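J.: Pasting a structure below so you can have a look.
The values are calculated or read from the model by the stated rules, or taken from the named source; none is laboratory data. In this text, all values refer to a predicted model and were calculated from it rather than measured experimentally. A quick note on method: Cβ atoms are made from the backbone with ideal geometry, for glycine too, and the neighbour counts reach across all protein chains shown.
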Protein chains: 2
Amino acid sequence: MKIFKNIKPIHDELGALKKNGAIIGFVPTMGFLHKGHTSLIQRSVKECDITAVSIFVNPIQFGKGEDFDSYPRNAQRDYSIIEETGAEYVFVPNTEEIYGEDFKTYVSVKGSGNIMCGKYRPGHFDGVCTVVLKLFNIINPDIAYFGLKDFQQFFIIKKMTEDLNVYVKIQQCPIVREEDGLAMSSRNRYLSGEERKNAVILYRTLKAAEEMVKGKSISLRQIKKVSLDTLGKNPYVKSIDYFDFRDPGTLEEIKNLKTYFKLKSRNKILIAAAIYIGSTRLIDNVVI
Amino acid sequence: MKIFKNIKPIHDELGALKKNGAIIGFVPTMGFLHKGHTSLIQRSVKECDITAVSIFVNPIQFGKGEDFDSYPRNAQRDYSIIEETGAEYVFVPNTEEIYGEDFKTYVSVKGSGNIMCGKYRPGHFDGVCTVVLKLFNIINPDIAYFGLKDFQQFFIIKKMTEDLNVYVKIQQCPIVREEDGLAMSSRNRYLSGEERKNAVILYRTLKAAEEMVKGKSISLRQIKKVSLDTLGKNPYVKSIDYFDFRDPGTLEEIKNLKTYFKLKSRNKILIAAAIYIGSTRLIDNVVI
């Protein structure tokens, strides 16, 4: 496994491999890897000739007062995990290498970047799109792998690549969960013992909402009310950013199921939520 | 010479040539070609193995009330001109092919996109950056050629490629002028006979300002005042958007020459202006 800190050497080396016909798989991460990440890397190792993993805690996707400084980092632990998966390349640039002195260019997906998480984290998805496009240009992968816990991120990056004619296949991968159902996330490590036990309320409420939707006996408005009540009653849930029913193909909000299903080719429903357990922001979703 | 209207076939064909080692040169244009364009194409033909020229009047770089609808178009004439230069590929997509139904992604260079022409044409450079990045991804050139009449455009595109790690060399090329000095522009054809004769006032005023700067006897503020007076006195000059002295390396405004020259490695001065001759907006510049 080769570790690169600078742009030019890894760009040149992967470019030469690609020219010789290698299919390059890429897994961009912010490090502090968990089983969600390893599932992406393993899939890339299985499907591609060469797999590159990046580790970069991207400052421009964090807002003021967010957890950029405290975001967990442990490069040595990450290297061991990546080595075990069989990935060949690791790219771990520092902020200076990625943004230099006078960085000025931003990529923005209008509309879908300002709803859901984007509404509560203004500029977040511009930061994500900008760094992902830069990483794509540096690594030049054929396929890039993204986990569906960050459903909106997957959606927006896919839209960006389509709109900008970026020739990278954006592969979605299923959410990996702890035994009790909590979605794997580097931020779970912020949770205290009691918070951790209670954090599963997010997934349980999403699954309960899923059952209610399938049951078809009550309206989405009622299901949302019941879900918000369930979350609100848990003393560890400090606040709820959103609990939304959306079209996974467009991220448009679904107000009424009957009207929605009448739309051509609409048959899936995304239920996505973001809540705070103590001071830790958690997101999760289910697609029906 | 091959003409392509669709993205995928030209992307695939040029991609295959590039994989076999061909150096691809690219000249993006809005068509209605003049000798400024042909100088770019000829340079690419000379320097590269394969030259591709795009013709696309990009709607998203025009503001409301600007000349998108009336912008001169003549594809057949353009094809003959390109054929004569020896370029091998022409890409002439329609708006639907480039932007589809639900285009949402924009690229923006903060700061330098909002001054000079950007101040008077809000969103213009976002439109330019977005389409140029798309065209770069479609054509995948090694070198792209831009004329310096649009100095700010050249500057911003170069900055965008550096910031986003786009591996395309941005080659600047000198302004091509009519015999009297008027910079070649597709928009010159809007000018009536008398307007055309008077349009040279722009270049003459820039050159006079250049001489005054070289003479070092009066301040930039005084030179600007004299220049604005000269332009203002011409009855065909309807209005002046700007007449600026700027650092060609940063586009920062130069207020005082002595202070400016004291800055490390600053030895060039850009004098750039935009004026209306009748209802036609003309831009030009000189670099000292």
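J.: Has the range A:172-190 got any residue that is closer than 24 Å to A:N114 by Cβ and over 15 Å from the mean Cα position of the chain (by Cα)?
T.: There is no residue in the range A:172-190 that is closer than 24 Å to A:N114 by Cβ and over 15 Å from the mean Cα position of the chain (by Cα).
J.: Identify all residues within the range A:138-159 that are in contact (Cβ under 8 Å) with a residue 60 or more places away in the chain, within 14 Å of chain B (Cβ to nearest Cβ) and assigned to a helix (DSSP H, G or I); write none if there are none. It would help to see each step written out before you state the result.
T.: Step one: list which residues in the range A:138-159 are in contact (Cβ under 8 Å) with a residue 60 or more places away in the chain, which gives A:138-152, A:155.
Checking which are within 14 Å of chain B (Cβ to nearest Cβ) leaves us with A:138-142, A:152, A:155.
Of everything in the range A:138-159, those that are in contact (Cβ under 8 Å) with a residue 60 or more places away in the chain, within 14 Å of chain B (Cβ to nearest Cβ) and assigned to a helix (DSSP H, G or I) turn out to be A:I138, A:I139, A:Q152, A:F155.
This table checks each residue for (1) touching a residue at least 40 places away in the same chain (Cβ under 8 Å); (2) surrounded by 14 or more Cβ atoms within 10 Å (Cβ to Cβ); (3) assigned by TED's automatic domain parsing to the domain that holds A:K19; (4) more than 20 Å from the chain's Cα centre (by Cα).
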{"position": "A:S54", "(1), (2), (3), (4)": "yes, yes, yes, no"}
{"position": "A:R77", "(1), (2), (3), (4)": "yes, no, yes, yes"}
{"position": "A:V92", "(1), (2), (3), (4)": "yes, yes, yes, no"}
{"position": "A:D102", "(1), (2), (3), (4)": "no, no, yes, yes"}
{"position": "A:V109", "(1), (2), (3), (4)": "yes, yes, yes, no"}
{"position": "A:S112", "(1), (2), (3), (4)": "yes, yes, yes, no"}
{"position": "A:F136", "(1), (2), (3), (4)": "yes, yes, yes, no"}
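J.: Would you confirm, using the coordinates I've provided, whether B:E162 is within 14 Å of chain A (Cβ to nearest Cβ), more than 15 Å from the chain's Cα centre (by Cα), surrounded by fewer than 17 Cβ atoms within 10 Å (Cβ to Cβ) and touching a residue at least 12 places away in the same chain (Cβ under 8 Å)? Even if it seems obvious, please write down each step before you answer.
T.: Working: within 14 Å of chain A (Cβ to nearest Cβ): yes; more than 15 Å from the chain's Cα centre (by Cα): yes; surrounded by fewer than 17 Cβ atoms within 10 Å (Cβ to Cβ): yes; touching a residue at least 12 places away in the same chain (Cβ under 8 Å): no.
No.
J.: Can you find even one residue in the range A:174-181 that is under 25 Å from A:Y89 (Cβ atoms) and among the aliphatic types (A, V, I, L, M)? Explain how you work it out, then say what you get.
T.: Step one: filter the range A:174-181 for residues under 25 Å from A:Y89 (Cβ atoms), giving A:174, A:176.
With among the aliphatic types (A, V, I, L, M) added as a condition, the list becomes A:176.
Among the residues of the range A:174-181, at least one is under 25 Å from A:Y89 (Cβ atoms) and among the aliphatic types (A, V, I, L, M), which makes the answer yes.
J.: Can you name the condition, by its number, that A:I175 falls short on among (1) more than 7 Å from chain B (Cβ to nearest Cβ); (2) farther than 30 Å from A:S239 by Cα; (3) modelled with pLDDT of 95 or more?
T.: (2)
J.: While we're looking at this one, here's another question. When you scan the range B:201-212, do you find a residue that is among the polar types (S, T, N, Q), surrounded by 15 or more Cβ atoms within 10 Å (Cβ to Cβ) and under 26 Å from B:F32 (Cα atoms), even just one?
T.: As a first pass, look at the range B:201-212 and keep what is among the polar types (S, T, N, Q): B:205.
Those still in the list that are surrounded by 15 or more Cβ atoms within 10 Å (Cβ to Cβ) too: B:205.
After this cut, where a residue has to be under 26 Å from B:F32 (Cα atoms) as well, the list is none.
No, every residue in the range B:201-212 fails to be among the polar types (S, T, N, Q), surrounded by 15 or more Cβ atoms within 10 Å (Cβ to Cβ) and under 26 Å from B:F32 (Cα atoms).
J.: Select, from B:K268, B:K214, B:K255, the only residue that is in a loop (DSSP other than H, G, I, E, B), in contact (Cβ under 8 Å) with a residue 12 or more places away in the chain and out of contact with any Gly (no Cβ under 9 Å at 6 or more places or on another chain).
T.: Values: B:K268 fails: out of contact with any Gly (no Cβ under 9 Å at 6 or more places or on another chain); B:K214 fails: in a loop (DSSP other than H, G, I, E, B).
Among B:K268, B:K214, B:K255, only B:K255 is in a loop (DSSP other than H, G, I, E, B), in contact (Cβ under 8 Å) with a residue 12 or more places away in the chain and out of contact with any Gly (no Cβ under 9 Å at 6 or more places or on another chain).
For (1) of a type in the set (F, W, Y); (2) within 14 Å of chain A (Cβ to nearest Cβ); (3) touching a residue at least 60 places away in the same chain (Cβ under 8 Å), each residue gets a yes or a no:
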{"site": "B:I10", "(1), (2), (3)": "no, yes, yes"}
{"site": "B:K19", "(1), (2), (3)": "no, yes, no"}
{"site": "B:F32", "(1), (2), (3)": "yes, no, yes"}
{"site": "B:T38", "(1), (2), (3)": "no, no, no"}
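J.: Just for the range B:93-126: of the residues that are closer than 25 Å to A:F103 by Cβ and part of a helix (DSSP H, G or I), which one is nearest to the other protein chains (Cβ to nearest Cβ)?
T.: Ranking the qualifying residues of the range B:93-126, first place goes to B:D126.
J.: Same structure, new question: Here is a list: A:D284, A:D229, A:D247. Which entry is surrounded by fewer than 16 Cβ atoms within 10 Å (Cβ to Cβ) and under 23 Å from the mean Cα position of the chain (by Cα)?
T.: On the way: A:D284 fails: surrounded by fewer than 16 Cβ atoms within 10 Å (Cβ to Cβ); A:D229 fails: under 23 Å from the mean Cα position of the chain (by Cα).
Criteria check complete, one pass: A:D247.
J.: Next up: Checking A:A273 against (1) without any contact (Cβ under 8 Å) to a residue 40 or more places away in the chain; (2) surrounded by 14 or more Cβ atoms within 10 Å (Cβ to Cβ); (3) touching a helix residue (DSSP H, G or I) at 6+ places or on another chain (Cβ under 7 Å), which test does it fail?
T.: Here A:A273 meets the rest and fails (1).
J.: Turning to a different aspect of this structure: Do you know which residues across the range A:39-83 are in a helix (DSSP H, G or I), of a type in the set (A, V, I, L, M, F, W, C) and under 30 Å from A:D102 (Cβ atoms)?
T.: Initially, the range A:39-83 is screened for residues in a helix (DSSP H, G or I), giving A:39-47, A:59-61, A:75-83.
Retained after the next criterion (residues that are of a type in the set (A, V, I, L, M, F, W, C)): A:40-41, A:45, A:60, A:75, A:81-82.
Those that are in a helix (DSSP H, G or I), of a type in the set (A, V, I, L, M, F, W, C) and under 30 Å from A:D102 (Cβ atoms): A:I60, A:A75.
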